[in-house]
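What follows is one structure encoded as C-alpha coordinates, with my remarks underneath.
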(Lines give C-alpha, C1' and ligand atoms only; values in the text may rest on other atoms or scores of the structure.)
Protein backbone atom coordinates (compact mmCIF):
# COMPACT_ATOMS: atom_id res chain seq x y z
CA UNK A 1 0.00 0.00 0.00
CA UNK A 2 1.27 3.51 -0.78
CA UNK A 3 -0.04 7.01 -0.45
CA UNK A 4 0.63 10.14 -2.42
CA UNK A 5 0.48 13.67 -1.17
CA UNK A 6 1.85 17.09 -1.92
CA UNK A 7 3.49 19.36 0.63
CA UNK A 8 4.98 22.82 0.42
CA UNK A 9 8.63 23.09 1.41
CA UNK A 10 11.19 25.86 0.93
CA UNK A 11 13.07 25.66 -2.35
CA UNK A 12 16.71 24.71 -1.93
CA UNK A 13 19.50 23.93 -4.40
CA UNK A 14 20.37 20.38 -5.24
CA UNK A 15 23.33 18.93 -3.34
CA UNK A 16 25.87 18.76 -6.16
CA UNK A 17 24.91 22.14 -7.57
CA UNK A 18 25.11 23.75 -4.15
CA UNK A 19 28.49 22.15 -3.44
CA UNK A 20 29.85 23.28 -6.82
CA UNK A 21 28.68 26.85 -6.19
CA UNK A 22 30.22 26.83 -2.73
CA UNK A 23 33.52 25.44 -4.05
CA UNK A 24 33.64 28.11 -6.76
CA UNK A 25 32.96 30.86 -4.23
CA UNK A 26 35.60 29.49 -1.84
CA UNK A 27 38.16 29.27 -4.66
CA UNK A 28 37.43 32.90 -5.58
CA UNK A 29 37.93 34.07 -1.99
CA UNK A 30 41.19 32.11 -1.71
CA UNK A 31 42.41 33.64 -4.98
CA UNK A 32 41.57 37.12 -3.73
CA UNK A 33 43.38 36.45 -0.44
CA UNK A 34 46.49 35.34 -2.30
CA UNK A 35 46.44 37.74 -5.22
CA UNK A 36 45.11 41.08 -3.95
CA UNK A 37 47.95 43.17 -2.50
CA UNK A 38 47.31 44.37 1.05
CA UNK A 39 49.48 45.88 3.74
CA UNK A 40 50.62 44.07 6.85
CA UNK A 41 47.94 45.65 9.03
CA UNK A 42 45.08 44.36 6.88
CA UNK A 43 46.78 40.99 6.53
CA UNK A 44 46.94 40.59 10.30
CA UNK A 45 43.24 41.39 10.67
CA UNK A 46 42.29 38.90 7.95
CA UNK A 47 44.60 36.25 9.39
CA UNK A 48 43.08 36.69 12.83
CA UNK A 49 39.54 36.54 11.44
CA UNK A 50 40.25 33.33 9.49
CA UNK A 51 41.94 31.46 12.34
CA UNK A 52 39.51 32.67 15.00
CA UNK A 53 36.56 31.64 12.83
CA UNK A 54 37.83 28.06 12.77
CA UNK A 55 38.00 28.11 16.56
CA UNK A 56 34.50 29.57 16.81
CA UNK A 57 33.20 26.80 14.51
CA UNK A 58 33.98 24.50 17.43
CA UNK A 59 31.52 26.41 19.59
CA UNK A 60 28.94 26.17 16.81
CA UNK A 61 29.17 22.39 17.21
CA UNK A 62 29.27 22.03 20.98
CA UNK A 63 26.97 24.91 21.92
CA UNK A 64 24.89 25.57 18.81
CA UNK A 65 24.19 21.96 17.83
CA UNK A 66 24.58 20.05 21.10
CA UNK A 67 23.60 22.75 23.61
CA UNK A 68 26.62 22.23 25.90
CA UNK A 69 28.45 25.16 27.47
CA UNK A 70 32.19 25.38 26.79
CA UNK A 71 34.13 28.23 28.36
CA UNK A 72 37.53 26.65 27.76
CA UNK A 73 37.84 27.02 23.99
CA UNK A 74 40.87 29.27 24.36
CA UNK A 75 42.65 26.43 26.18
CA UNK A 76 42.23 24.12 23.17
CA UNK A 77 43.26 27.04 20.97
CA UNK A 78 46.42 27.22 23.07
CA UNK A 79 47.17 23.50 22.80
CA UNK A 80 47.29 23.76 19.02
CA UNK A 81 49.31 26.97 19.02
CA UNK A 82 51.92 25.79 21.54
CA UNK A 83 52.29 22.41 19.83
CA UNK A 84 53.18 24.17 16.57
CA UNK A 85 55.23 26.87 18.27
CA UNK A 86 57.35 24.65 20.51
CA UNK A 87 57.50 21.77 18.05
CA UNK A 88 58.83 23.78 15.11
CA UNK A 89 61.24 25.97 17.13
CA UNK A 90 62.56 23.77 19.97
CA UNK A 91 61.89 20.13 19.20
CA UNK A 92 62.33 19.98 15.44
CA UNK A 93 60.04 18.53 12.83
CA UNK A 94 57.77 19.86 10.10
CA UNK A 95 54.91 22.26 10.67
CA UNK A 96 52.28 19.76 9.52
CA UNK A 97 53.42 17.12 11.99
CA UNK A 98 53.13 19.48 14.93
CA UNK A 99 49.83 20.87 13.68
CA UNK A 100 48.50 17.28 13.72
CA UNK A 101 50.01 16.73 17.20
CA UNK A 102 48.30 19.88 18.47
CA UNK A 103 44.97 18.81 17.04
CA UNK A 104 45.27 15.33 18.56
CA UNK A 105 46.30 16.79 21.93
CA UNK A 106 43.42 19.28 21.91
CA UNK A 107 40.96 16.55 20.91
CA UNK A 108 42.17 14.21 23.63
CA UNK A 109 41.96 16.92 26.28
CA UNK A 110 38.51 17.97 25.05
CA UNK A 111 37.25 14.39 25.18
CA UNK A 112 38.76 13.93 28.64
CA UNK A 113 37.22 17.15 29.93
CA UNK A 114 33.87 16.20 28.43
CA UNK A 115 33.96 12.63 29.73
CA UNK A 116 34.70 13.79 33.26
CA UNK A 117 32.27 16.71 33.47
CA UNK A 118 29.36 16.34 31.03
CA UNK A 119 27.26 14.36 33.50
CA UNK A 120 27.04 17.59 35.51
CA UNK A 121 25.48 19.91 32.96
CA UNK A 122 24.21 23.47 33.34
CA UNK A 123 26.12 25.97 35.45
CA UNK A 124 28.21 23.20 37.00
CA UNK A 125 29.60 22.37 33.56
CA UNK A 126 30.33 26.06 32.97
CA UNK A 127 32.24 26.27 36.27
CA UNK A 128 34.33 23.20 35.47
CA UNK A 129 35.28 24.46 32.01
CA UNK A 130 36.24 27.83 33.48
CA UNK A 131 38.43 26.08 36.04
CA UNK A 132 40.07 24.00 33.31
CA UNK A 133 40.74 27.14 31.30
CA UNK A 134 42.34 28.85 34.29
CA UNK A 135 44.53 25.83 35.02
CA UNK A 136 45.80 25.74 31.43
CA UNK A 137 46.58 29.47 31.55
CA UNK A 138 48.52 29.06 34.80
CA UNK A 139 50.52 26.18 33.33
CA UNK A 140 51.41 28.22 30.25
CA UNK A 141 52.59 31.09 32.44
CA UNK A 142 54.52 29.14 35.08
CA UNK A 143 55.97 26.08 33.31
CA UNK A 144 59.02 28.07 32.23
CA UNK A 145 61.30 25.19 31.08
CA UNK A 146 58.72 24.11 28.50
CA UNK A 147 56.37 26.97 27.65
CA UNK A 148 58.92 29.78 28.23
CA UNK A 149 56.39 31.46 30.51
CA UNK A 150 55.22 35.04 29.92
CA UNK A 151 57.96 35.61 27.33
CA UNK A 152 56.13 33.34 24.92
CA UNK A 153 57.46 31.56 21.85
CA UNK A 154 58.78 33.52 18.89
CA UNK A 155 60.20 32.95 15.40
CA UNK A 156 57.61 30.28 14.59
CA UNK A 157 58.17 29.27 10.94
CA UNK A 158 55.52 28.75 8.29
CA UNK A 159 55.51 25.66 6.12
CA UNK A 160 56.78 25.66 2.57
CA UNK A 161 55.40 26.69 0.10
CA UNK A 162 53.31 29.03 2.28
CA UNK A 163 56.12 31.24 3.53
CA UNK A 164 54.69 34.48 2.19
CA UNK A 165 51.96 36.07 4.29
CA UNK A 166 49.49 36.34 1.38
CA UNK A 167 49.94 32.72 0.44
CA UNK A 168 49.61 31.57 4.04
CA UNK A 169 46.42 33.61 4.37
CA UNK A 170 45.10 31.80 1.30
CA UNK A 171 45.86 28.49 3.04
CA UNK A 172 43.98 29.57 6.17
CA UNK A 173 40.98 30.71 4.10
CA UNK A 174 40.96 27.40 2.20
CA UNK A 175 40.99 25.42 5.45
CA UNK A 176 38.29 27.72 6.81
CA UNK A 177 36.13 26.99 3.75
CA UNK A 178 36.55 23.21 4.08
CA UNK A 179 35.85 23.18 7.82
CA UNK A 180 32.91 25.55 7.37
CA UNK A 181 31.33 23.25 4.80
CA UNK A 182 31.75 20.21 7.05
CA UNK A 183 30.21 22.05 10.00
CA UNK A 184 27.38 23.26 7.73
CA UNK A 185 26.60 19.69 6.67
CA UNK A 186 26.94 18.21 10.15
CA UNK A 187 23.31 18.90 11.27
CA UNK A 188 22.00 16.67 8.46
CA UNK A 189 24.13 13.68 9.46
CA UNK A 190 23.22 11.00 11.98
CA UNK A 191 25.62 12.52 14.54
CA UNK A 192 24.30 16.03 13.88
CA UNK A 193 20.67 14.95 14.31
CA UNK A 194 21.62 13.26 17.56
CA UNK A 195 23.28 16.46 18.80
CA UNK A 196 20.23 18.53 17.89
CA UNK A 197 17.95 16.05 19.62
CA UNK A 198 20.02 16.26 22.80
CA UNK A 199 19.97 20.06 22.65
CA UNK A 200 16.18 20.16 22.29
CA UNK A 201 15.25 17.36 24.71
CA UNK A 202 17.87 15.03 26.12
CA UNK A 203 15.35 12.72 27.78
CA UNK A 204 13.54 12.09 24.51
CA UNK A 205 16.88 11.58 22.77
CA UNK A 206 17.83 8.83 25.22
CA UNK A 207 14.49 7.07 24.78
CA UNK A 208 14.96 7.31 20.99
CA UNK A 209 18.11 5.21 21.31
CA UNK A 210 20.73 7.98 21.38
CA UNK A 211 23.64 7.55 23.78
CA UNK A 212 23.49 11.15 24.99
CA UNK A 213 26.68 10.98 27.04
CA UNK A 214 28.73 9.60 24.13
CA UNK A 215 27.33 12.18 21.71
CA UNK A 216 28.07 15.06 24.08
CA UNK A 217 31.64 13.88 24.59
CA UNK A 218 32.01 13.64 20.80
CA UNK A 219 30.73 17.21 20.43
CA UNK A 220 33.27 18.40 23.00
CA UNK A 221 36.04 16.54 21.20
CA UNK A 222 35.10 18.06 17.82
CA UNK A 223 35.00 21.51 19.38
CA UNK A 224 38.45 20.99 20.87
CA UNK A 225 39.77 19.61 17.58
CA UNK A 226 38.72 22.77 15.74
CA UNK A 227 40.19 24.86 18.54
CA UNK A 228 43.52 23.09 18.15
CA UNK A 229 43.44 23.49 14.35
CA UNK A 230 42.75 27.20 14.63
CA UNK A 231 45.48 27.60 17.24
CA UNK A 232 48.11 25.86 15.12
CA UNK A 233 47.29 28.02 12.10
CA UNK A 234 47.30 31.13 14.31
CA UNK A 235 50.82 30.33 15.54
CA UNK A 236 52.12 29.98 11.99
CA UNK A 237 50.36 33.14 10.88
CA UNK A 238 51.68 35.47 13.56
CA UNK A 239 55.01 33.72 14.32
CA UNK A 240 54.67 34.56 18.02
CA UNK A 241 52.47 33.30 20.85
CA UNK A 242 52.22 34.07 24.57
CA UNK A 243 49.96 32.89 27.44
CA UNK A 244 47.80 36.03 27.47
CA UNK A 245 46.47 35.08 24.01
CA UNK A 246 44.89 31.92 25.46
CA UNK A 247 43.34 33.19 28.68
CA UNK A 248 39.79 32.99 29.99
CA UNK A 249 39.14 36.43 28.47
CA UNK A 250 39.75 34.93 25.04
CA UNK A 251 37.27 32.14 25.76
CA UNK A 252 34.66 34.76 26.60
CA UNK A 253 35.46 36.58 23.35
CA UNK A 254 35.01 33.35 21.37
CA UNK A 255 31.67 32.75 23.09
CA UNK A 256 30.58 36.32 22.34
CA UNK A 257 31.53 35.87 18.69
CA UNK A 258 29.35 32.80 18.22
CA UNK A 259 26.41 34.34 20.09
CA UNK A 260 26.72 37.60 18.17
CA UNK A 261 26.70 36.03 14.73
CA UNK A 262 24.33 33.14 15.37
CA UNK A 263 25.15 30.12 17.48
CA UNK A 264 23.59 27.47 15.23
CA UNK A 265 25.35 28.25 11.94
CA UNK A 266 28.97 28.47 10.71
CA UNK A 267 27.90 31.50 8.67
CA UNK A 268 26.92 33.16 11.92
CA UNK A 269 30.27 32.18 13.43
CA UNK A 270 32.14 33.93 10.60
CA UNK A 271 29.91 37.01 10.87
CA UNK A 272 30.31 37.26 14.64
CA UNK A 273 34.06 36.70 14.51
CA UNK A 274 34.58 39.27 11.79
CA UNK A 275 32.48 41.89 13.55
CA UNK A 276 34.17 41.50 16.91
CA UNK A 277 37.54 41.84 15.23
CA UNK A 278 36.51 44.74 13.01
CA UNK A 279 34.42 46.82 15.44
CA UNK A 280 37.45 47.74 17.61
CA UNK A 281 39.33 48.75 14.46
CA UNK A 282 36.40 50.86 13.23
CA UNK A 283 36.26 52.60 16.61
CA UNK A 284 40.00 53.12 16.86
CA UNK A 285 39.61 56.87 16.22
CA UNK A 286 37.69 57.14 19.52
CA UNK A 287 40.51 55.76 21.66
CA UNK A 288 41.76 59.28 22.25
CA UNK A 289 38.64 59.88 24.37
CA UNK A 290 39.00 57.84 27.60
CA UNK A 291 36.20 55.32 28.11
CA UNK A 292 34.13 56.26 25.04
CA UNK A 293 35.58 53.54 22.84
CA UNK A 294 34.76 50.78 25.31
CA UNK A 295 31.29 52.21 26.03
CA UNK A 296 30.29 52.26 22.34
CA UNK A 297 31.84 48.84 21.73
CA UNK A 298 30.00 47.29 24.67
CA UNK A 299 26.72 49.03 23.83
CA UNK A 300 26.87 47.77 20.23
CA UNK A 301 27.37 44.16 21.36
CA UNK A 302 24.60 44.40 23.98
CA UNK A 303 22.11 45.89 21.51
CA UNK A 304 22.77 43.18 18.95
CA UNK A 305 22.35 40.42 21.54
CA UNK A 306 19.17 41.99 22.97
CA UNK A 307 17.37 42.64 19.69
CA UNK A 308 18.75 39.66 17.77
CA UNK A 309 18.63 36.77 20.26
CA UNK A 310 19.35 34.27 17.45
CA UNK A 311 22.33 36.31 16.31
CA UNK A 312 22.74 38.44 13.21
CA UNK A 313 22.55 35.51 10.81
CA UNK A 314 19.54 34.06 12.60
CA UNK A 315 17.78 37.43 12.38
CA UNK A 316 18.48 37.82 8.66
CA UNK A 317 17.56 34.22 7.90
CA UNK A 318 14.23 34.51 9.71
CA UNK A 319 13.36 37.58 7.62
CA UNK A 320 14.36 35.87 4.37
CA UNK A 321 12.24 32.81 5.18
CA UNK A 322 9.14 35.02 5.02
CA UNK A 323 9.88 35.88 1.41
CA UNK A 324 11.07 32.51 0.21
CA UNK A 325 8.64 31.03 -2.28
CA UNK A 326 7.59 27.49 -1.42
CA UNK A 327 7.52 24.78 -4.04
CA UNK A 328 5.34 21.72 -4.18
CA UNK A 329 7.03 18.43 -3.41
CA UNK A 330 5.16 15.19 -4.08
CA UNK A 331 5.56 12.54 -1.41
CA UNK A 332 5.10 8.81 -2.01
CA UNK A 333 5.48 6.71 1.10
CA UNK A 334 5.76 2.94 1.08
CA UNK A 335 3.80 0.82 3.54
CA UNK A 336 5.29 0.67 7.04
CA UNK A 337 6.55 -2.77 8.04
CA UNK A 338 6.44 -3.78 11.71
CA UNK A 339 8.04 -7.05 12.75
CA UNK A 340 6.76 -6.90 16.33
CA UNK A 341 9.62 -9.15 17.41
CA UNK A 342 7.72 -12.29 16.41
CA UNK A 343 4.22 -13.63 15.85
CA UNK A 344 1.29 -12.84 18.11
CA UNK A 345 0.85 -15.19 21.03
CA UNK A 346 4.39 -16.52 20.74
CA UNK A 347 5.41 -16.29 24.39
CA UNK A 348 5.99 -13.40 26.79
CA UNK A 349 7.50 -10.22 25.44
CA UNK A 350 7.90 -8.36 28.78
CA UNK A 351 8.18 -9.78 32.26
CA UNK A 352 8.46 -7.85 35.52
CA UNK A 353 9.47 -9.79 38.61
CA UNK A 354 9.02 -8.14 42.04
CA UNK A 355 9.76 -4.78 40.45
CA UNK A 356 10.27 -2.00 42.99
CA UNK A 357 11.10 1.69 42.90
CA UNK A 358 11.44 3.58 46.19
CA UNK A 359 11.96 7.30 46.70
CA UNK A 360 13.19 7.35 50.27
CA UNK A 361 10.33 6.00 52.33
CA UNK A 362 7.83 6.28 49.47
CA UNK A 363 7.30 2.99 47.65
CA UNK A 364 6.09 4.22 44.26
CA UNK A 365 6.36 0.71 42.81
CA UNK A 366 6.17 -2.05 45.39
CA UNK A 367 6.96 -5.57 44.22
CA UNK A 368 4.99 -5.60 40.96
CA UNK A 369 4.80 -8.80 38.93
CA UNK A 370 3.63 -8.47 35.36
CA UNK A 371 3.77 -10.57 32.20
CA UNK A 372 2.80 -9.21 28.80
CA UNK A 373 2.22 -11.71 26.01
CA UNK A 374 3.33 -10.89 22.50
CA UNK A 375 0.74 -9.22 20.30
CA UNK A 376 -2.28 -7.14 21.25
CA UNK A 377 -2.73 -4.23 23.65
CA UNK A 378 -2.11 -4.49 27.40
CA UNK A 379 -3.31 -1.60 29.58
CA UNK A 380 -1.82 -0.47 32.88
CA UNK A 381 -4.35 1.59 34.83
CA UNK A 382 -4.88 2.94 38.32
CA UNK A 383 -5.74 6.14 40.20
CA UNK A 384 -3.40 9.13 40.24
CA UNK A 385 -0.24 8.35 42.18
CA UNK A 386 -0.63 4.61 41.83
CA UNK A 387 2.81 4.20 40.22
CA UNK A 388 1.90 3.74 36.55
CA UNK A 389 4.28 6.25 34.99
CA UNK A 390 7.00 5.32 37.47
CA UNK A 391 6.63 1.71 36.35
CA UNK A 392 6.96 2.82 32.73
CA UNK A 393 10.03 4.90 33.60
CA UNK A 394 11.67 1.91 35.26
CA UNK A 395 10.82 -0.34 32.30
CA UNK A 396 12.25 2.15 29.80
CA UNK A 397 15.36 2.88 31.89
CA UNK A 398 14.66 6.50 32.82
CA UNK A 399 14.58 5.45 36.48
CA UNK A 400 16.74 2.77 38.04
CA UNK A 401 14.86 -0.02 39.80
CA UNK A 402 15.30 -0.32 43.55
CA UNK A 403 14.68 -4.03 43.26
CA UNK A 404 13.30 -6.73 41.01
CA UNK A 405 13.95 -7.57 37.40
CA UNK A 406 12.87 -6.44 33.92
CA UNK A 407 13.11 -8.94 31.07
CA UNK A 408 12.43 -8.13 27.42
CA UNK A 409 12.10 -11.09 25.09
CA UNK A 410 13.80 -13.22 27.73
CA UNK A 411 16.75 -10.82 28.07
CA UNK A 412 17.48 -9.17 31.42
CA UNK A 413 17.58 -5.41 30.75
CA UNK A 414 17.29 -4.27 34.38
CA UNK A 415 20.71 -2.60 34.43
CA UNK A 416 20.73 -1.22 30.91
CA UNK A 417 20.51 2.57 30.34
CA UNK A 418 17.56 4.01 28.43
CA UNK A 419 19.26 4.19 25.02
CA UNK A 420 20.40 0.56 25.29
CA UNK A 421 16.86 -0.57 26.11
CA UNK A 422 15.63 1.21 23.01
CA UNK A 423 18.28 -0.61 21.01
CA UNK A 424 17.05 -3.86 22.60
CA UNK A 425 13.54 -3.25 21.26
CA UNK A 426 11.62 -0.80 23.47
CA UNK A 427 9.77 2.15 22.00
CA UNK A 428 8.11 4.87 24.05
CA UNK A 429 6.02 8.04 24.00
CA UNK A 430 5.45 10.49 26.86
CA UNK A 431 2.45 11.96 28.65
CA UNK A 432 3.92 15.41 27.99
CA UNK A 433 4.89 15.38 24.33
CA UNK A 434 8.64 15.35 23.84
CA UNK A 435 9.39 16.25 20.24
CA UNK A 436 12.44 18.14 18.99
CA UNK A 437 10.83 21.42 18.07
CA UNK A 438 13.73 22.82 16.04
CA UNK A 439 13.35 19.95 13.56
CA UNK A 440 10.80 18.94 10.97
CA UNK A 441 8.42 16.03 11.44
CA UNK A 442 10.54 13.97 9.07
CA UNK A 443 13.76 14.65 11.01
CA UNK A 444 12.06 13.70 14.28
CA UNK A 445 10.96 10.37 12.87
CA UNK A 446 14.28 9.71 11.11
CA UNK A 447 16.03 9.77 14.47
CA UNK A 448 13.66 7.07 15.67
CA UNK A 449 14.44 5.00 12.58
CA UNK A 450 18.18 5.36 13.23
CA UNK A 451 18.03 2.98 16.18
CA UNK A 452 21.36 1.09 16.16
CA UNK A 453 20.90 -2.38 14.74
CA UNK A 454 17.94 -1.44 12.55
CA UNK A 455 18.06 -2.44 8.89
CA UNK A 456 18.01 1.18 7.67
CA UNK A 457 20.28 2.86 10.23
CA UNK A 458 23.23 3.21 7.81
CA UNK A 459 21.32 3.70 4.55
CA UNK A 460 20.29 7.34 4.04
CA UNK A 461 17.71 6.62 1.33
CA UNK A 462 16.15 3.69 3.20
CA UNK A 463 16.18 5.73 6.40
CA UNK A 464 14.17 8.56 4.88
CA UNK A 465 11.83 6.08 3.19
CA UNK A 466 11.06 4.36 6.50
CA UNK A 467 10.52 7.69 8.26
CA UNK A 468 8.07 8.77 5.56
CA UNK A 469 6.34 5.40 5.78
CA UNK A 470 5.90 5.86 9.56
CA UNK A 471 4.43 9.34 9.01
CA UNK A 472 2.15 7.95 6.30
CA UNK A 473 0.99 5.28 8.73
CA UNK A 474 -0.26 7.99 11.10
CA UNK A 475 -1.65 10.05 8.21
CA UNK A 476 0.95 12.83 8.08
CA UNK A 477 3.26 11.98 5.19
CA UNK A 478 2.03 15.02 3.22
CA UNK A 479 3.41 17.30 5.96
CA UNK A 480 6.71 15.53 6.58
CA UNK A 481 8.88 18.56 5.86
CA UNK A 482 7.03 21.00 8.10
CA UNK A 483 8.48 22.13 11.45
CA UNK A 484 6.87 20.75 14.59
CA UNK A 485 5.49 24.14 15.63
CA UNK A 486 3.00 24.04 12.72
CA UNK A 487 1.28 20.89 13.93
CA UNK A 488 -1.72 20.70 16.24
CA UNK A 489 -1.42 18.98 19.60
CA UNK A 490 -3.12 15.85 18.29
CA UNK A 491 -0.85 15.65 15.27
CA UNK A 492 2.19 16.06 17.50
CA UNK A 493 0.96 13.02 19.42
CA UNK A 494 0.81 11.14 16.13
CA UNK A 495 4.34 12.21 15.19
CA UNK A 496 5.67 10.99 18.53
CA UNK A 497 4.03 7.61 17.92
CA UNK A 498 5.43 7.56 14.38
CA UNK A 499 8.91 8.20 15.76
CA UNK A 500 8.59 5.20 18.04
CA UNK A 501 7.16 3.01 15.27
CA UNK A 502 9.97 3.92 12.88
CA UNK A 503 12.41 2.08 15.17
CA UNK A 504 10.43 -1.15 14.64
CA UNK A 505 10.21 -1.89 18.38
CA UNK A 506 9.37 -5.19 19.99
CA UNK A 507 7.22 -3.44 22.60
CA UNK A 508 5.63 0.00 22.37
CA UNK A 509 5.07 1.87 25.64
CA UNK A 510 2.42 4.62 25.47
CA UNK A 511 2.15 6.96 28.46
CA UNK A 512 -1.34 8.52 28.38
CA UNK A 513 -1.50 9.07 24.59
CA UNK A 514 -5.09 10.30 24.93
CA UNK A 515 -4.21 13.12 27.33
CA UNK A 516 -5.20 16.52 25.93
CA UNK A 517 -6.98 15.13 22.86
CA UNK A 518 -10.51 16.10 21.89
CA UNK A 519 -13.16 13.49 21.13
CA UNK A 520 -12.42 13.38 17.40
CA UNK A 521 -8.70 12.99 18.01
CA UNK A 522 -9.35 10.20 20.51
CA UNK A 523 -11.34 8.29 17.91
CA UNK A 524 -8.43 8.69 15.50
CA UNK A 525 -6.04 7.50 18.22
CA UNK A 526 -8.22 4.45 18.90
CA UNK A 527 -8.22 3.54 15.23
CA UNK A 528 -4.45 4.07 15.03
CA UNK A 529 -3.82 1.77 18.02
CA UNK A 530 -6.01 -0.90 16.46
CA UNK A 531 -4.06 -0.67 13.21
CA UNK A 532 -0.76 -0.95 15.09
CA UNK A 533 -2.00 -3.96 17.01
CA UNK A 534 -3.24 -5.55 13.79
CA UNK A 535 0.35 -5.43 12.51
CA UNK A 536 1.39 -7.69 15.38
CA UNK A 537 3.14 -5.09 17.52
CA UNK A 538 2.68 -5.41 21.29
CA UNK A 539 1.50 -2.26 23.10
CA UNK A 540 1.56 -1.40 26.79
CA UNK A 541 -0.65 1.64 27.33
CA UNK A 542 -1.37 3.88 30.30
CA UNK A 543 -4.46 6.07 30.08
CA UNK A 544 -7.19 7.48 32.31
CA UNK A 545 -9.82 7.33 29.59
CA UNK A 546 -11.66 4.11 30.41
CA UNK A 547 -13.59 4.22 27.15
CA UNK A 548 -10.36 4.24 25.17
CA UNK A 549 -8.81 1.54 27.36
CA UNK A 550 -11.82 -0.75 27.14
CA UNK A 551 -12.01 -0.34 23.35
CA UNK A 552 -8.38 -1.13 22.56
CA UNK A 553 -7.01 -3.32 25.39
CA UNK A 554 -7.60 -7.06 25.64
CA UNK A 555 -5.73 -7.36 28.94
CA UNK A 556 -5.57 -4.94 31.88
CA UNK A 557 -3.36 -4.69 34.96
CA UNK A 558 -4.41 -2.36 37.77
CA UNK A 559 -2.07 -0.68 40.26
CA UNK A 560 -2.92 1.05 43.52
CA UNK A 561 -0.35 2.54 45.90
CA UNK A 562 2.39 0.86 43.88
CA UNK A 563 0.93 -2.65 44.16
CA UNK A 564 -0.89 -4.78 41.64
CA UNK A 565 -4.49 -5.29 42.73
CA UNK A 566 -5.95 -6.88 39.57
CA UNK A 567 -4.81 -8.49 36.36
CA UNK A 568 -6.71 -10.27 33.59
CA UNK A 569 -9.06 -9.82 30.66
CA UNK A 570 -10.47 -6.32 30.29
CA UNK A 571 -14.13 -7.14 30.91
CA UNK A 572 -13.33 -9.07 34.08
CA UNK A 573 -10.87 -6.55 35.50
CA UNK A 574 -13.15 -3.56 34.99
CA UNK A 575 -15.81 -5.31 37.10
CA UNK A 576 -13.40 -6.37 39.84
CA UNK A 577 -14.61 -5.02 43.23
CA UNK A 578 -11.15 -3.78 44.24
CA UNK A 579 -10.79 -1.91 40.96
CA UNK A 580 -14.22 -0.33 41.30
CA UNK A 581 -13.40 0.75 44.85
CA UNK A 582 -9.91 2.02 44.17
CA UNK A 583 -10.23 3.57 40.76
CA UNK A 584 -13.56 3.67 38.95
CA UNK A 585 -15.85 4.60 41.81
CA UNK A 586 -18.85 2.89 40.18
CA UNK A 587 -19.16 -0.33 38.27
CA UNK A 588 -18.64 0.30 34.55
CA UNK A 589 -20.79 -0.99 31.78
CA UNK A 590 -19.37 -4.01 30.03
CA UNK A 591 -17.42 -2.93 26.97
CA UNK A 592 -19.01 -3.54 23.61
For residue 563, which of the numbered conditions (1) over 34 Å from the mean Cα position of the chain (by Cα); (2) without any contact (Cβ under 8 Å) to a residue 24 or more places away in the chain fails to hold? (2)
Which of the following residues is more than 24 Å from residue 310 (Cβ to Cβ) and out of contact with any strand residue (DSSP E or B) (no Cβ under 6 Å at 6 or more places or on another chain): 268, 227, 209, 261? 209
Being within 22 Å of residue 423 (Cα to Cα) and either part of a loop (DSSP other than H, G, I, E, B) or more than 20 Å from the chain's Cα centre (by Cα) (or both) narrows 461, 472, 498, 467 down to just 461
Check 442, 510 and return the single one that is at negative phi, outside any loop (DSSP other than H, G, I, E, B) and touching a strand residue (DSSP E or B) at 6+ places or on another chain (Cβ under 6 Å). 510
Residue 70 passes all but one of (1) part of a loop (DSSP other than H, G, I, E, B); (2) within 24 Å of residue 237 (Cβ to Cβ); (3) free of Cβ contacts under 8 Å to residues at least 40 places away in the same chain; which number fails? (3)
Residues of segment 409-423 satisfying the condition of being touching a strand residue (DSSP E or B) at 6+ places or on another chain (Cβ under 7 Å) and free of Cβ contacts under 8 Å to residues at least 40 places away in the same chain: 412, 413, 414
Return a yes/no flag: does segment 381-397 have any residue that is at pLDDT 90 or above, assigned to a strand (DSSP E or B) and crowded, with 18+ Cβ neighbours inside 10 Å. yes
Residue by residue through segment 569-592, note down the ones that are modelled with pLDDT of 85 or more and either touching a strand residue (DSSP E or B) at 6+ places or on another chain (Cβ under 7 Å) or buried (at least 16 other Cβ atoms within 10 Å of the Cβ) (or both). 569, 570, 573
Residue match in segment 169-184 (condition: at positive phi, in contact with a helix residue (DSSP H, G or I) (Cβ under 9 Å, 6 or more places away or on another chain), in contact (Cβ under 8 Å) with a residue 40 or more places away in the chain and in a helix (DSSP H, G or I)): no
Residue 181 exposed (fewer than 15 other Cβ atoms within 10 Å of the Cβ) and within 28 Å of the chain's Cα centre (by Cα): no
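The values are calculated or read from the model by the stated rules, or taken from the named source; none is laboratory data. Quick caveat, the model's predicted, so the values are computed rather than measured. Reconstructed Cβ throughout: ideal geometry from the backbone, glycine too, with neighbour counts over all protein chains shown.
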